[in-house]
Amino acid sequence: MVLFVTRKGNERRILLDVKDYIITEADVLFGQYGFKSVTMDDIAKHLGISKKTIYLHFADKDELVTELLEGKLNNHSNCLVTNFEQAHDAVHEVFLGITQINDWLNTLNAKLFYDLQKYHPKAWLKFKKFKEQHLTKGVITNLNRGIKEGLYRENLNIDIIAQIRLDHGNIIFNQHDQYMMNKYSMDEVMKEVTYHFLYGICSKEGIIRINEYKERLSSNKLNK
C-alpha cells in the first residue's frame, strides 16, 4: 500500500509506503515533543489518517518507537562507515561526524533520550547494544587511525579514552537540562565537548588539523 505525500513549500510529490510514512512523520513529532508527550491519536491527526490505519502496521506505540529507532541506528551505522572511507584523516572523520550529529540534534527535544529509557525499555536496550558494539568500535578505530597518522598522541590509553568519549554522549543526551540549564542547545554542547576532546588527544600536527577543519566547518567547506 502506497500514498503520495506533498510537503508544504515543496512542489515534489513523494511516493512512500504507508508504514514508512508513519515512521517518518512520527519521528518529526517525537523529535519536537519527546516520546512521552506524543500519543497515537496525535500521530494519526498529524498524518491525516485514522488511528486504525496505524495499528494495521504497528501493534502499539512501543513497536513504532522501536522500529523507528532501528532505522536510525542502521542509518548511523552506515554513516560511520562512509565517514571512515571519505575522511582525509582521523580528525576530519570526527568533524564529519559532528556535522551529521548536529543536524540531527537540531531537531530533537532534549528529553527524548530520558523518555526512551523510561518509557520504551525495549528500544533503549537496542540503543545501548548499538552503542556498546558499533559506537565503541568506531571510536576505537578512529583513535588507532589517528595515532597511526601521527595526529593523536602515541601514549593514549585507548580503552579509557574511548569510554570517556562515549560518556560525553551520555551527559549530553541524558543530563542536558541538569548540566546546561537550557542555556545552550544540544548541538552547541556537542560541538564544544568534541573540540575539547580533540584538543586533549591530538599531537601538535593534530591541533593544526583541528583549527583547519574548524575554519572549514564555519565556512561550510568541510567536505572540500
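Values quoted throughout were computed directly from the atomic coordinates according to the rules given, and no laboratory measurement underlies them. Just so it is clear, the structure is predicted and the values come from calculations on it, not from any experiment. Counting neighbours? That spans all protein chains shown, and the Cβs are built from the backbone with ideal geometry, glycine included.
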Please go through the residue pairs Lys19/Lys128; Lys72/Lys191; Lys61/Lys214; Lys131/Lys183; Lys128/Lys224 and name each one whose alpha carbons sit more than 31 Å apart in this structure. Lys61/Lys214; Lys128/Lys224
Name the residues whose placed amide hydrogens come within less than 5 Å of the amide hydrogen of Tyr152, ignoring near sequence neighbours (fewer than 5 apart) on the same chain. Ile147, Ser203
Show me the ranking of peptides 36-46, 111-121 by mean Cβ neighbours inside 10 Å, starting with the highest. 111-121, 36-46
Given charges at beta-carbon only (K, R positive; D, E negative), |dipole| of segment 61-218 in Debye: 260 debye
